[in-house]
Amino acid sequence: MGVIARLKDDIASIYHRDPAAHGTFEVLLNYPGMHAIWIHRVSHKLWKRKWRLTSRCLSTFARWMTGIEIHPGATIGDRFFIDHGMGVVIGETAEIGHDCTLYHGVTLGGTTWQSGKRHPTLGNNVVIGAGAKVLGPITMNDGARVGSNSVVVKDVPKDTTVVGIPGRVVSTPNEANKEKSKRRTEMAKKYGFDAYAVSPDNPDPVANAIGQMLDHMHLMDSKVQEVCQAVQSMGGSVCTDKLPELEVDEFIDAELAAAQKRKQSIDEFDPII
């Protein structure tokens with residue numbers, strides 16, 4: 001990929017992941033994460049050509065300018081995004097795949113003074129929340145998520161979310177979760193609204209309550225339909241009238257307002273996964 005094409009790719013990835021980006025010149029001038037990555041690409045090439053001192057000096061300059069320290073020996077894939085960036089540290093033997101995202105204060109660090117592989121390996125589409133520490137020669141497989149301020153010292157399976165100190169699994173991909181999420185989405189559409197973040201692993205108690213209500217409504221709908229079919233088969237005449245449409249405009253407005261308030265609180269505290 002050429003320099004211009006890669007530049008466009010980087011800018012497009014920022015637009016895709018950061019709604020605060022309002023213009024190309026704004027991105028070019030005010031995103032230190034992108035500046036640090038560009039400088040790292042140059043220092044990494046110098047490092048591979050054994051120009052060790054020059055590459056280290058260049059990475060130190062990048063740290064002074066951006067607040068982000070990336071060792072020139074680290075390997076970084078395409079469309080890597082560092083949001084905010086201040087305090088990010090990426091060690092020498094770290095390997096980062098494509099489309100990964102790191103927030104401020106993240107450390108990809110080592111746990112030994114011995115030479116060799118001592119820093120983490122990130123697969124594709126990995127997201128690490130603000131302040132998290134991922135330590136040692138462990139592997140974060142594709143789609144892994146790390147909660148803010150977590151400390152991870154063991155491998156994280158594909159599409160798994162970990163939080164806490166030490167990091168523990170709070171969400172794993174399985175057919176039951178996928179089926180429940182799909183069912184709730186269908187019920188939400190049926191009743192004229194889309195509840196805010198009603199995924200099975202969401203920590204918001206309001207969203208969880210709405211999700212349980214949707215599960216209950218789905219079960220009741222299924223049982224009523226079975227009863228109606230049984231009565232109809234015996235010659236009865238029930239369930240022939242169409243159910244009235246639910247007026248949920250007020251609920252929609254209230255839920256959107258609550259969602260916006262929750263989002264504002266999250267943005268202010270910045271506990272992003």
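Along the Cα→Cβ direction, 7 angstrom out, place labels at Trp38 and Asp215. What is the inter-label distance in nm?
4.9
Spin-label point model (7 Å from Cα, Cβ direction): what's the Ala12 to Lys48 distance in nm?
Result for the modelled spin labels: 2.3 nm.
Under the definition of Cα pairs under 8 Å and six or more residues apart, what whole-number percent is the relative contact order of segment 1-64? Please report the intermediate quantities before stating the final value.
Working: 28 pairs, mean separation 14.8, N = 64.
Value for segment 1-64: 23 percent.
Evaluate the Kirkwood expression for the hydrodynamic radius of segment 1-91, namely the inverse of the mean inverse distance over all pairs of different C-alpha atoms, and round to one decimal in Å.
On the way: mean 1/r = 0.0747 Å⁻¹.
Across segment 1-91, the inverse of the average 1/r is 13.4 Å.
Could the peptides 142-154, 97-109 be put in order, highest first, of the mean number of other beta-carbon atoms found within 10 Å of their residues?
On the way: 142-154: 19.6, 97-109: 22.0.
Highest to lowest by the protection proxy: 97-109, 142-154.
Could you do me a favour and compute the accessible area per residue for segment 86-158, 1.4 Å probe, result in Å²?
Working: 2960 Å² over 73 residues.
Result: 41 Å² per residue.
How would you rank 56-69, 79-92, highest first, on the average number of other Cβ atoms within 10 Å across their residues?
On the way: 56-69: 17.2, 79-92: 20.4.
Most protected by this proxy first, the peptides run 79-92, 56-69.
Along the Cα→Cβ direction, 7 angstrom out, place labels at Ile4 and Ile165. What is the inter-label distance in nm?
About 4.9 nm separates the two model spin labels.
What net charge do the residues around Pro137 carry, taking every other residue with its C-beta under 9 Å from that of Pro137, with Lys and Arg at +1 and Asp and Glu at -1?
+2
The values are calculated or read from the model by the stated rules, or taken from the named source; none is laboratory data. These figures come from a predicted structure and were not determined experimentally. When we count neighbours, we look across all protein chains shown, and the Cβ atoms used for this are built from the backbone with ideal geometry, even at glycine. Just so you know, the surface numbers come from the protein's heavy atoms only, side chains and all, with ligands and any DNA or RNA stripped out. Shrake-Rupley method; radii C 1.70, N 1.55, O 1.52, S 1.80 Å.
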